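Everything on this sheet refers to the single structure shown next.
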Amino acid sequence: MIKILVAEDEKLSQMTLIHHLRRKLSDALIVGVSNGREAVDRAEILNPQLIFMDIEMPLLNGMEAATIIRKRLPDTVIVFLTAFDRFDYAVGALRAGGNDYLLKPFDKAQIDACLRTALHLEEHDTSMETEQHTPFQIQFSVWLKNHYMNDISLEQAADAMGMSAFYFSRLFRTSYNQTFLEYLTAYRMERAAELLRMTDIPVREIAPLVGYTDANYFSKVFKRHIGETPTLYRQQNTTL
């Protein structure tokens, strides 16, 4: 049985998330708690595959609770939730043992993607143990996750990292073995593919969700990157 723990002290947010999870996973056991201490205690009893963990909670905050839980339950996937778009929160959350990081208010597609990722990570947790990320990659990953849907440039990314564009470009190629634009395009296409598989959002509305104001241009880029038009890809890969 799939077991999920939702640690969120805002009652409405907790109830909304649990309601969506129960609609998606009718046979799952989903438990809600309202503070970090309860999260630690309930996680030990429940042994969940997935925890949605708010960062700002009473008694123990989410990072403190996650650090304890990670030591006791190394295979549990922890997704942090926060309303604060700050690098120190994001990097701290990931270093505390988090697998992912979502800004509130989050949409259903983000939650659904986390559900699929959690199951995937559980099946392949040996690769997680060996994968290492540099501080630069962690910081950039958090920034990109929250800005890829906007009209962003290399210069803006460099400024967000506190670097010159020249240094950022060199460090990026060294870190990822590709250019910033190549990585950004691939990232956007992966997000678009998720939305096509998991939702019935029209293609013209998916385009701006992944950073493209021109739906026709988005379709051309998607076909060049994936090998199929968005419409054909959806027909062959939908999970609805």
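Derivation of every value follows stated rules applied to the coordinates shown; laboratory data play no part. This is a predicted model, so every value here is computed, not measured.
For this structure, a couple of remarks:
- Spatially proximal lysines relative to LYS104 (Cα-Cα < 20 Å; intrachain offsets below 8 disregarded): LYS11, LYS24, LYS145
- Rg/Rh for the chain, where both radii come from Cα atoms and Rh is the Kirkwood radius: 0.97
- Here is how the number arises for the chain: DSSP H runs of 4 or more residues each give -39500 (n - 2.57), the sum is divided by the residue count, and the result at 222 nm is -18500 deg cm²/dmol.
- Springs join every pair of Cα atoms under 10 Å in this Gaussian network model of the chain, and among ALA118, ALA109, ALA66 the largest mean-square fluctuation is at ALA109.
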